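Working notes, structure below.
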Number of protein chains: 2
Amino acid sequence: MDIKTVCAGLLTFGEASGYEIKKLFEDGTFSGVYDASFGSIYPALTRLAEEGHVLCRAEEQQGRPDKKVYSLTPKGRAHFIAELSRGIQPDKVRSEFAIATIFAHLLPRAVIAAYIDQQIEEHRAALARLDLAECDPSSAMTNLRFAIGFGRVQLNAAIDYLESHRGMLEASAVPPDDEAVAVSGVKHA
Amino acid sequence: MDIKTVCAGLLTFGEASGYEIKKLFEDGTFSGVYDASFGSIYPALTRLAEEGHVLCRAEEQQGRPDKKVYSLTPKGRAHFIAELSRGIQPDKVRSEFAIATIFAHLLPRAVIAAYIDQQIEEHRAALARLDLAECDPSSAMTNLRFAIGFGRVQLNAAIDYLESHRGMLEASAVPPDDEAVAVSGVKHA
DNA sequence: ACTGGCATGTAATTTGTTACATGATTGT
DNA sequence: ACAATCATGTAACAAATTACATGCCAGT
């Protein structure tokens, strides 16, 4: 599924500008499941407009550049539904944290501890975003509540595990007085 | 973290060929947290060799092309540890399944049901891979058991939620006799 | 004064995938 | 016969990020 399709999907919930779509990827409905930069979003919206999948209306603003508000056309809506019905790819995950755990026996204990703290904080922030999303009236739909609950159980499972098992990982790591050993692989007298 | 670094990391566990590294991304230690194609792995190994981070030894084989077995040099090992200690990026997830749930109210019920089945099966397969990884003697290390347990709790949380709440999502979807409505947005008499 | 939010867009670069090219062996 | 596994590598292509370019307004 390409960015064009995802942008079209967001527009089924109502019109939005490129800037607003970026914010939705960051803290809104899509945070944690998709992300894209301005360099992807703006060209995607331009191409969607060329294809007649969206309409673009320039909204004048004081001082700031015109806001370009995009709205989905019936054709765009039908195309989005068809695309999403065609099949989905397996989840793609790239977790540098998980990689760090796999090599924890090579890393200084302080580094591992900091990474665990960081990971827990990120998951807590993600949970807070879900709480906010739940308050939004648009989340009245059952499927959105499903999606929020789904994110929640996974984040909670991860946080619980990290908190209750972090000692295991910290014990595997290189003790503070032994860091040179880890790098050289040789213990000197 | 780039592919070169990840390949170097895998080589801390012992020498391997490009082909074997690919398999490790698919079913081994890294399945579920990282993935890369041959088109990324082979050039990465070539560059690691140019930089002196790995050594390459050609192993002759009958019929098949020579197997190029790479092993990490002390310099490569030190560089890997330094890189991994420098900091990690937040997890990156791209879940088309999660996107489908967000738009479940636009999709035919049969499509949603199939996607849920597919997702559960993928997670079960991932669990089976973790079970295999645990049997491997190299997984005796505490940090690897931590990593396996971490994957396990998240996968189990996801499967449990999907099984117990799938009715919610299926109820949101478009009933079988109503699909034209979803696309056109208009209900005809 | 400076940072951060609002707002768009392009160009250069990076990154990575897919497809192609080759070829023997083993299992169905 | 045919598909799959083993095994490497390149070239073409696609996707996406980063950095650049511009500029106002509000808050500290």
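The numbers here are math on the coordinates, done by the rules we state, and not lab data. Since the structure is predicted, the reported quantities are computational estimates derived from the model, not experimental observations. Ideal geometry is used to build each Cβ from the backbone, glycine not excepted, and the neighbour counts take in all protein chains shown.
Run the dipole for chain A about the Cα centre, Lys and Arg Cβ at +1, Asp and Glu Cβ at -1, nothing else charged, and hand back the magnitude in debye, nearest 20. Don't skip to the end; give the middle numbers.
Working: 20 positive and 26 negative charges, 128 e Å.
In total the dipole reaches around 620 debye.
With the cut-off at 1.5 for a/c, could you classify segment A:3-85 from its C-alpha gyration tensor as rounded, prolate or oblate?
Details: a/c = 1.89, a/b = 1.19, b/c = 1.58.
Taking the square roots of the gyration eigenvalues as a ≥ b ≥ c, segment A:3-85 is oblate.
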query: Once label points are set 7 Å from the Cα along Cα→Cβ at both B:Arg124 and B:Asp177, what is their separation, rounded to one decimal in nm?
result: 3.3
- prompt: Got the B:Arg124 label distances to the other copies yet, label 7 Å along Cα→Cβ, in nm, shortest first?
  reply: 3.7
query: In the Gaussian network model of chain A, springs joining C-alpha atoms below 10 Å, which of A:Glu60, A:Glu170, A:Glu51 carries the largest mean-square fluctuation?
result: A:Glu60
message: Running a GNM on chain B with Cα contacts under 10 Å, which residue among B:Lys23, B:Lys75, B:Lys92 ends up with the highest mean-square fluctuation?
response: B:Lys92
- line: Applied in sequence order to segment B:82-91, the curve 6.51 cos²θ - 1.76 cosθ + 1.60 (Karplus, θ = phi - 60°) yields integer Hz couplings, x standing for Gly and Pro, of 4, 4, 5, 7, 6, x, 10, 7, x, 3
- prompt: Stretched out fully, how many nm does the piece from A:Thr46 to A:Gln61 gain, at 0.36 nm a residue minus the Cα gap?
  reply: 3.4 nm
- prompt: Which distance in Å, rounded to a whole number, links the C-alpha centroids of segment B:27-79 and segment A:42-82?
  reply: 45
- prompt: Tell me which A residue has its C-beta closest to the axis rotating A onto B, and the distance in Å?
  reply: A:Ala157, 2
- prompt: Angle, helix A:109-135 long axis vs. longest principal axis of chain A, Cα atoms, 0 to 90°, nearest 10?
  reply: 30
message: Defining the label point at 7 Å along Cα→Cβ, can you sort the distances from B:Phe13 to the same site in each other copy, shortest first, in nm?
response: 3.9
- request: Kindly give the distances from A:Ala110 to its copy-mates, label point to label point, with each label point 7 Å from Cα along Cα→Cβ, as nm values to one decimal ordered shortest first.
  value: 6.2
query: Over the Cα atoms of the protein assembly as shown, Rg to Rh with Kirkwood Rh, two decimal places?
result: 1.02
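If you place +1 on the Cβ of every Lys and Arg, -1 on the Cβ of every Asp and Glu, and leave all else neutral, what size is the dipole of segment A:3-85 about its Cα centre, to the nearest 20 Debye? If you can, show how the numbers build up before the last one.
Details: 10 positive and 11 negative charges, 26 e Å.
Value, rounded to 20: 120 debye.
Helix-derived [θ] at 222 nm for chain A: sum -39500 (n - 2.57) over DSSP H runs of at least 4, divide by residue count, nearest 500?
For chain A, the value works out to -19500 deg cm²/dmol.
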query: By how many degrees, between 0 and 90 and to the nearest 10, does the Cα long axis of helix B:38-50 differ from the longest principal axis of chain B?
result: 30
- request: Identify which of A:Thr12, A:Thr142, A:Thr29 has the largest mean-square fluctuation in a Gaussian network model of chain A, with springs joining Cα atoms closer than 10 Å.
  value: A:Thr142
